[in-house]
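I have placed the structure first, in the form of structure tokens, so that the comments after it can refer back to it.
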Amino acid sequence: MPANLPPEYFEVEKTLRQAKTAEEKIAIMEKLLSIIPRHKGTEKLVALYRTKIAKLKEEIEQRPAARKGQLFRIEKSGAGQVIIIGPPNAGKSALIRALTGVEVEVADFPFTTRTAAPYMMPFENIKIQLIDTPPITADFMESWLAEMVKMAEAVLVVLDASSPDSSGQLETIINRLKEKKVELVSAETVIPPDRFPFLKRTLLVLNKCDLPGSGDLLEELDILFGKTLDRLLVSSVTAEGLENLRRRVFELLQIVRVYSKVPGKKPDYDSPFILKKGSNIMDLARQVHKDFAEKLNYARVWNKPGTINGLRVTREYLLTDEDTVELHL
């Protein structure tokens, strides 16, 4: 009986010949198994792939453990570092390309991204660093990835909104990180300083919302995970939701932009100081110059809505996003 394999099978099968690591081969074979129609003519092919996957998994288990010192690190840049994680073929790289305008290698087969790579996403008058990473599966997660998650300020988990496997893949990612003592939490979670490396503010980015069936995932996530993690539907193809995503990433970082003003001159709105939410006038003074921190007498503040216009404030005054501050010695 003929196999009658669909054209998509042959496209994905080509990538199997180029795969170099056992993890890449497993992910591609699992993709092929999801494509192959089930009937008598494909029984041998399905059995062959399952046997190959089992052997590759044995190879992975028999590998010597990696030395503890082997970590991957990317120096932080911009207003904050946000790491992007997800399962294979969720569209992480395509999303980064849409957000940054930078060409990122994108393909319709797993493990196109093989290492971590930084990109800068513009948001209004600042830039936020996005880190693209290799996919996480039930069988494999790069040994250094959990450490990179710990070092980042926030996490985006990108899922394919049109895939019926996405809720299970999210559970896999959550469990793999928990094994490394990392827990994904909502954007509003108050994180004590000593827990910062292990609790990470997270946004679920449900990509490919332009494809059929994308609405079903929201209902599944509500049933399986409740409202524990915030989620946003987007499309890297149509750009739906991308501007909202930029704003949500900024909010995820829990930062404020503050402009310093010299008396009698206009502030520079293109180069704000970046401070954590809850920072006060003294925190800004320390960033501007040590002399201001040591000799500051008072400050005047203007806010964006225009409700505060040159108000004289004390050192303890709490700053809000886009405040303009004039420091006086």
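Got a sec? Which of Leu233, Leu224 is in the same structural domain as Ser163 (by TED's automatic domain parsing) and either charged (D, E, K, R) or farther than 26 Å from Glu179 by Cα (or both)?
Leu233
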(message) Just checking: which of the strands (runs of 3 or more DSSP E) contained wholly in the range 267-329 hold 3 or more residues that are under 29 Å from the mean Cα position of the chain (by Cα)?
(response) 273-276
(message) I'd like the full set of residues that are buried (at least 19 other Cβ atoms within 10 Å of the Cβ) and assigned to a loop (DSSP other than H, G, I, E, B), limited to the range 129-138.
(response) Thr133, Pro134, Pro135, Ile136, Thr137
(message) Criterion first (surrounded by 12 or more Cβ atoms within 10 Å (Cβ to Cβ) and within 23 Å of Ala138 (Cα to Cα)) does Glu24 satisfy it?
(response) yes
(message) Which count do you get for residues in the range 176-224 that are touching a helix residue (DSSP H, G or I) at 6+ places or on another chain (Cβ under 9 Å) and over 24 Å from Leu242 (Cβ atoms)?
(response) 12
(request) Name every residue in the range 278-299 that is basic (Lys, Arg), surrounded by 12 or more Cβ atoms within 10 Å (Cβ to Cβ) and free of Cβ contacts under 8 Å to residues at least 24 places away in the same chain, in order of residue number. (result) Arg286
(message) Quick check on my filter: what residues within the range 114-128 are within 13 Å of the chain's Cα centre (by Cα), surrounded by fewer than 19 Cβ atoms within 10 Å (Cβ to Cβ) and modelled with pLDDT of 90 or more?
(response) Pro118, Met120
(message) Cβ-Cβ distance below 8 Å, separation of 6 or more or different chains: which pairs start in the range 139-160 with a residue that is part of a helix (DSSP H, G or I) and end on one that is among the polar types (S, T, N, Q)?
(response) Leu145/Thr133; Met148/Thr133; Met151/Gln81
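Of the residues Ile255, Ile308, only one is without any contact (Cβ under 8 Å) to a residue 24 or more places away in the chain and out of contact with any Asp or Glu (no Cβ under 6 Å at 6 or more places or on another chain); which?
Of the residues listed, the single one that is without any contact (Cβ under 8 Å) to a residue 24 or more places away in the chain and out of contact with any Asp or Glu (no Cβ under 6 Å at 6 or more places or on another chain) is Ile308.
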(request) Only residues in the range 87-112 that are under 15 Å from Leu159 (Cα atoms) and modelled with pLDDT of 85 or more count as the first member; pair them with residues that are assigned to a loop (DSSP other than H, G, I, E, B) and aromatic (Phe, Trp, Tyr), Cβ under 9 angstrom, at least 6 apart or cross-chain, and list the lot. (result) Pro88/Phe109; Pro88/Phe111; Asn89/Phe109
(message) Testing Arg63 on (1) modelled with pLDDT under 80; (2) surrounded by fewer than 18 Cβ atoms within 10 Å (Cβ to Cβ); (3) within 30 Å of Leu204 (Cα to Cα), one condition comes back false. Which one is that?
(response) (3)
(request) Please indicate, with yes or no, whether at least one residue in the range 193-215 is of a type in the set (A, V, I, L, M) and more than 18 Å from Val82 (Cα to Cα). (result) yes
(message) Considering only residues that are touching a residue at least 40 places away in the same chain (Cβ under 8 Å) and hydrophobic (A, V, I, L, M, F, W, C), which ones fall in the range 35-61?
(response) Leu45, Ile60
(message) Being without any contact (Cβ under 8 Å) to a residue 40 or more places away in the chain and either among the basic types (Lys, Arg) or surrounded by 15 or more Cβ atoms within 10 Å (Cβ to Cβ) (or both) is the requirement here; does Val325 meet it?
(response) no
(request) Specify the residue that is surrounded by the fewest Cβ atoms within 10 Å (Cβ to Cβ); the eligible residues are those in the range 154-175 that are small (Gly, Ala, Ser) and under 13 Å from Thr137 (Cα atoms). (result) Gly168
(request) Taking the options Leu32, Leu16, Leu5, name whichever one is within 19 Å of Pro134 (Cα to Cα), touching a helix residue (DSSP H, G or I) at 6+ places or on another chain (Cβ under 9 Å) and either without any contact (Cβ under 8 Å) to a residue 60 or more places away in the chain or exposed (fewer than 15 other Cβ atoms within 10 Å of the Cβ) (or both). (result) Leu16
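The values are calculated or read from the model by the stated rules, or taken from the named source; none is laboratory data. Fair warning: this is a prediction, and the values are worked out from it, not measured in the lab. Here the Cβ is made from the backbone with ideal geometry for all residues, glycine too, and neighbour counts use every protein chain on show.
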